[in-house]
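The values are calculated or read from the model by the stated rules, or taken from the named source; none is laboratory data. Computed from a predicted model, the values in this text were never measured in an experiment. All Cβ positions, even for glycine, are placed from backbone atoms using ideal geometry, and neighbour counts span all protein chains on display.
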Amino acid sequence: MTNPYVPILVLMGIAAVLALGGLGASAILGPRRYNRAKLEAYECGIDPTPHAVGHGRFPVKYYLVAMSFIIFDIEVVFMYPWAVTFGELAVFGAVAMVTFLALITVPFVYEWRRGGFEWD
């Protein structure tokens, strides 16, 4: 009888070989001609001008909106399977979800305090 974790370990090994193989192949086969445009930071295709407000940087609210999307997206991804199997999980599932919601509340409160939900 084989160990039930062997297929998972084999899959992880294959994934690691493919990832490292891709990185190695790109390092060996990739072009090495760097120019000024390739070495500059890329932010959504807009060339920052020297006299832009904030020196061409995005406002913090842009990142706070992205963070709120990630927070709520992760919350939904974990709450849906929990809601489907709520009856089978009993007390352990309730405690685990309360712990998860407490942990997910920390970045939510941080964003709220930083003004991420205030639209100008």
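Could you give me the residue pairs with C-beta distances under 6 Å whose first residue belongs to segment 89-104 and is under 20 Å from residue 73 (Cβ atoms), whose second residue is assigned to a helix (DSSP H, G or I) and of a type outside the set (A, V, I, L, M) wherever it lies, and which are 6+ apart or on separate chains?
Within 6 Å, the pairs are 97/82; 104/75.
Could you tell me whether residue 52 is at pLDDT 85 or above and not aromatic (Phe, Trp, Tyr)?
On the way: at pLDDT 85 or above: no; not aromatic (Phe, Trp, Tyr): yes.
No: the conditions fail for residue 52.
So for segment 98-113 (the condition being out of contact with any Cys (no Cβ under 8 Å at 6 or more places or on another chain), more than 30 Å from residue 60 (Cβ to Cβ) and in a helix (DSSP H, G or I)), does at least one residue qualify? Step through it out loud before you land on a result.
Of all residues in segment 98-113, those out of contact with any Cys (no Cβ under 8 Å at 6 or more places or on another chain) come to 98-113.
From the residues that got through so far, the ones that are more than 30 Å from residue 60 (Cβ to Cβ) too are 98.
Still in the list and also in a helix (DSSP H, G or I): 98.
Within segment 98-113 (the criterion being out of contact with any Cys (no Cβ under 8 Å at 6 or more places or on another chain), more than 30 Å from residue 60 (Cβ to Cβ) and in a helix (DSSP H, G or I)), the answer is yes, since at least one residue qualifies.
When only residues in segment 58-91 that are among the hydroxyl-bearing types (Ser, Thr, Tyr) and either in a helix (DSSP H, G or I) or within 14 Å of the chain's Cα centre (by Cα) (or both) count, which is surrounded by the fewest Cβ atoms within 10 Å (Cβ to Cβ)?
Here is the first cut: in segment 58-91, the ones among the hydroxyl-bearing types (Ser, Thr, Tyr) are 62-63, 68, 80, 85.
Filter once more, so that each one left must be either in a helix (DSSP H, G or I) or within 14 Å of the chain's Cα centre (by Cα) (or both): 62-63, 68, 80.
Working: 62: 12, 63: 13, 68: 16, 80: 9.
Checked segment 58-91; the qualifying residue surrounded by the fewest Cβ atoms within 10 Å (Cβ to Cβ) is 80.
So if I check each of 41, 27, which one is aliphatic (A, V, I, L, M), at pLDDT 85 or above and either out of contact with any Gly (no Cβ under 8 Å at 6 or more places or on another chain) or not assigned by TED's automatic domain parsing to the domain that holds residue 106 (or both)? Quick ask: steps written out before the conclusion?
Working: 41 fails: at pLDDT 85 or above.
Within the list 41, 27, the selection yields 27.
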